[in-house]
Amino acid sequence: MVKKKIEECVIKKKANEKKTMREREPRRVQTEAYFCRPMTQKSSELQRLSPKLKPHHVAEIIDSHKSTESALQFFYWVSKRPFYKHNLNCFKSMLNRLVRDRNFAPADHVRILMIKACRNGEEITRVIDYLNEIGKFEMVGAAQNVYKQMLNNGIKPTLLTFNTMINILCKKGKVQEAGFILSKIFQYDLNPDVFTYTSLILGHCRNRNLDAAFAVFDRMVKEGCDPNSVTYTTLINGLCNEGRLDEALDMLEEMIEKCIEPTVYTYTVPISSLCAAGRVKEAIDLVASMRKRGCHPNVQTYTALISGLSRLGKLEVAIGLYHKMLKDGLVPNTVTYNAMINELCVGGRFNDAFKIFYWMERHGSLPNIETYNEIINGFCMVGNIEKAMVLFNKMLKVGPPPTIITYNTLINGYLKHGNLNNALRLLGLMKENGCEPDEWTYTELVSGFCKRGKFDLATTLFNEMVERGLSPNEFNYTALIDGHCKEGKVDVALSLLERMEENGCNAKIETYNSVINGLAKENRFSEAEKLCNEMAEKELLPNVITYTTLIDGLCRNGGTHLAFKIFHEMEKSYCFPNLYTYSSLIYGLCLEGKADDAEMLLEEMERKGLVPDLVTFTALIDGFVMLGRLDHAFSLLRRMSDVGCKPSYRTYTVLVKGLQKEFHLLAEKVAVQHEAAYSCSSDEKDVSFEMVCDLLTRMSEYGCEPTIDTYSTLVTGLCREGRTYEARQLVKNMEEKRMCPNKEICVSLLGAYCKGSKVDHALEIFKLMIVEGFEPRLSIYRTLVCALCKASRMEEAQALFENMLEKQWNSDEIVWTILVDGLLKEGESNMCMKFLNIMESKNCTLNLQTYVILARELSKVDKVVNTDQVADKLRTMTVFSSS
């Protein structure tokens, strides 16, 4: 009977719960539904529902509504309803949303309302704790105001209230103000507790005054107040932060001896500090120790170990620890991810770093500025600056805002890949967005422009730097000097060296090496020797680069015997030759026909542990080809392959030159035997392709089986020389061997076909790229679009452009690359404007600087209507930005 009664009660209770849920859920859902409608429709419906709304309904709606702005409107609207009052959960829900969306102005207003809504000291303490926890507000002033308000209203503070105030002040290092509150504790006949003393210890540690912190610790013990784990943890952290790691570890042992159990927070900072000091083994032992005590590592512990192991080069162990962390059910934070991403990028494992970054984005872990900068740098390192620019665009729109590191990384990325125009455009965008370029920005730009022979622009940038109040440093001067020397403008470089000294910027060894290199190449060794003496006077000792520079110059000018004298001199000076020293000597010997001596030198460098590079091997191969010793040249190619050195197109052309020479000698011999005149008037295309096929055959005979890399190098080189026929024949040859063209081959062929106005062939290659999963870059789209326009196939060009816009790009980069550097350079201003309108119709947002660039470039092609159209857009944007 009793059992039956209990069962009936349980069934009745469940039925009531379901009824309550049914009543509650529709009310919340109805309210949300009404609130999503236009204001004119929803007002009366919300008015009808408002009497039934309770604070928990409001909190649920704020948490689940799609729009933060609408949720805020609803929050204010419902607070004005009669007989309704927000509870603390409503305020928390609203503040959490606003802070998450970085809407700090309305968040501050809600914070003030939250404090005003407090009814007693306990609620005030809870509110201050919560606000202090989310950390987005300056709580010291707010807490002091609330504290004064309490005293003015006659509310007697409790020890909890005093402790909250002391803790907030001490967290900010305001120990003197906290001392004033401490005196009030005694005035109210209260006694400080462990929380009070620990807060004061924290304040002194924050001020890096450990003596005062330990004085408080001694006082609390003397007063009979026993320290707890938080007290010890605070002091241990303070010691670690001051680098007194061994003392911190001793204190950890002391607390264990006193039967005060350390928490995970006690262990975390010592483990981090041990890792930072390179004492990773001790950190791992400490983790093992904490596990034995039943204390499990947290996210911060794992993060410290992962970072420490990675820095020591133990990346695989760090990755294993990361997976162990996930297995333990711990969710990595941004710091953890950054540690992994940073070390993966340093180790060249960019794809793994990108995977972690995208995983972060998918799972709601918000990347910070360090994460973005690392990934952007990674994309630039692998040559995919377009993806880097997509992330940059995201930073501009939703944050975190790009820093000078972001801009410098992207500028350097463009410069490394020879895209000087976009590097300059990004500099303009940088200035427009209020980020001032620094010395490093200009150093990279000056160096990049010099390397590409753009000395006028490099000098303009150098002067602009000075005009902006930035003092050129040794790197800025060296970049400009080095560029002029490499271009053969040594006299300009010498005058810059003088100017550098006059401006109080002392030249270092790197600057002198650049000038010596320029002088040596021009056979001006007496001046180079003078500079060496000048270096000696400044106590700048010649290094391996100085010696190698002189050796290289002599070898290139027929002075190899003198080069060897310098070589022996550097050895006597205990300056040991490097790979480039030997490569220069080998090249010089080969030029003089002394290939055997060169090979002996190769063996000597290998005995010294130096691995020959592409330049060394190619020089040797060329030397033996010139001597007619083709067999030995191919043996060297095999040797080159065995040490993992990839031949270049230059290496292969040297061997083809040898094969042609061999073929001609054989043909002459046959002609003499048959008493006929030899003529090499056969079809040059067929002979050239035959020679390439002969090269591949001979490579196989010598154990250098042609690979996809071999074909890629040859096809790319042939396309660069405009020999599309041979390139295509070579691709057919590789396809017969069941090898599929790689991305590099496709890109080279597509470019060559477009250049030769063979658009249909180019489109076939483009389709092949899509099928094979090769993601076309913007430069590919530019090439194809321009080729289609040139062939008057405008509709196809537009369709291709619109298809491209469906993918993720940076809108500014599209304009820079396709509209400006593509269509406008080809004189297609009408199509340029048409494409611009298409972009705007698809809500592709452009920066003001991009419109400025467009207007300037359009004016160059003298299209007044188009220029006016862009100028109108500029004016609109300017009015909008100033309003």
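The values are calculated or read from the model by the stated rules, or taken from the named source; none is laboratory data. Everything quoted here is computed from the prediction, not taken from an experiment. Ideal geometry is used to build each Cβ from the backbone, glycine not excepted, and the neighbour counts take in all protein chains shown.
Residue under question is residue 444, and the condition is that it be assigned to a loop (DSSP other than H, G, I, E, B) and at pLDDT 90 or above; does it hold? It is false that residue 444 is assigned to a loop (DSSP other than H, G, I, E, B) and at pLDDT 90 or above. Inspection of segment 725-734 identifies no residue that is buried (at least 17 other Cβ atoms within 10 Å of the Cβ), in a helix (DSSP H, G or I), β-branched (Val, Ile, Thr) and in contact (Cβ under 8 Å) with a residue 60 or more places away in the chain.
Residue-by-condition table, conditions (1) touching a Phe, Trp or Tyr at 6+ places or on another chain (Cβ under 6 Å); (2) in contact (Cβ under 8 Å) with a residue 60 or more places away in the chain; (3) buried (at least 21 other Cβ atoms within 10 Å of the Cβ):
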| position | (1), (2), (3) |
| --- | --- |
| 702 | yes, yes, no |
| 719 | no, no, yes |
| 739 | no, no, no |
| 791 | no, no, no |
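When segment 419-441 is filtered for residues that are of a type outside the set (D, E, K, R), under 19 Å from the mean Cα position of the chain (by Cα) and in a loop (DSSP other than H, G, I, E, B), the ones remaining, listed by number, are 419, 435, 437. Taken together, the criteria place residue 303 among residues that are of a type in the set (S, T, N, Q) and within 20 Å of residue 344 (Cβ to Cβ).
Here residue 99 meets the list (1) surrounded by 13 or more Cβ atoms within 10 Å (Cβ to Cβ); (2) at pLDDT 80 or above; (3) under 30 Å from residue 400 (Cα atoms) almost entirely, failing just condition (2). Within segment 492-513, identify whether any single residue is farther than 30 Å from residue 438 by Cβ and part of a helix (DSSP H, G or I), and answer yes or no. No - not one qualifying residue is present in segment 492-513. Among residues of segment 425-450 being more than 14 Å from residue 411 (Cβ to Cβ) and not small (Gly, Ala, Ser), the one that is surrounded by the most Cβ atoms within 10 Å (Cβ to Cβ) is 450. Note on segment 741-775: residues that are within 28 Å of the chain's Cα centre (by Cα) and free of Cβ contacts under 8 Å to residues at least 24 places away in the same chain amount to 3. Take residue 508 and tell me if it is farther than 20 Å from residue 415 by Cα and either within 27 Å of the chain's Cα centre (by Cα) or among the basic types (Lys, Arg) (or both). The answer is yes for residue 508.
Are any of the residues in segment 524-533 closer than 30 Å to residue 640 by Cα, modelled with pLDDT of 85 or more and outside any helix (DSSP H, G or I)? So far as segment 524-533 goes, no, none of its residues is closer than 30 Å to residue 640 by Cα, modelled with pLDDT of 85 or more and outside any helix (DSSP H, G or I). In segment 285-299, the qualifying residues are those that are touching a residue at least 24 places away in the same chain (Cβ under 8 Å) and surrounded by fewer than 18 Cβ atoms within 10 Å (Cβ to Cβ), and the one that is farthest from the chain's Cα centre (by Cα) is 293. Scan segment 601-646 residue by residue and report those that are of a type in the set (Gly, Ala, Ser) and in contact (Cβ under 8 Å) with a residue 60 or more places away in the chain. Correct list: 635, 641. A single entry from 223, 282, 253, 247 fulfils the requirement of being acidic (Asp, Glu), within 25 Å of residue 338 (Cβ to Cβ) and surrounded by fewer than 18 Cβ atoms within 10 Å (Cβ to Cβ): 282. Quick check on segment 357-372. Is at least one of its residues over 30 Å from residue 844 (Cβ atoms) and of a type in the set (Gly, Ala, Ser)? No, that holds for no residue. Inspection of segment 70-89 identifies at least one residue that is closer than 21 Å to residue 164 by Cα, at pLDDT 85 or above and not small (Gly, Ala, Ser). Among the numbered criteria (1) part of a helix (DSSP H, G or I); (2) loosely packed, with under 14 Cβ neighbours inside 10 Å, which single criterion is violated by residue 800? With respect to (1) part of a helix (DSSP H, G or I); (2) loosely packed, with under 14 Cβ neighbours inside 10 Å, residue 800 is out only on (2). Within segment 704-724, being farther than 16 Å from residue 754 by Cβ and β-branched (Val, Ile, Thr) holds for 707, 708, 710, 713. Under the condition of being in a helix (DSSP H, G or I) and either touching a Lys or Arg at 6+ places or on another chain (Cβ under 9 Å) or of a type outside the set (S, T, N, Q) (or both), the residues counted in segment 325-341 number 8. Taken over segment 230-245, the criterion of being outside any helix (DSSP H, G or I) and among the small types (Gly, Ala, Ser) is satisfied by 243 alone.
Remark: residue 472 matches the filter, which requires a residue to be outside any helix (DSSP H, G or I), closer than 30 Å to residue 497 by Cβ and more than 21 Å from the chain's Cα centre (by Cα).
Residues in segment 64-114 that are within 40 Å of the chain's Cα centre (by Cα) and assigned to a loop (DSSP other than H, G, I, E, B): 65, 66, 67, 101, 102, 103.
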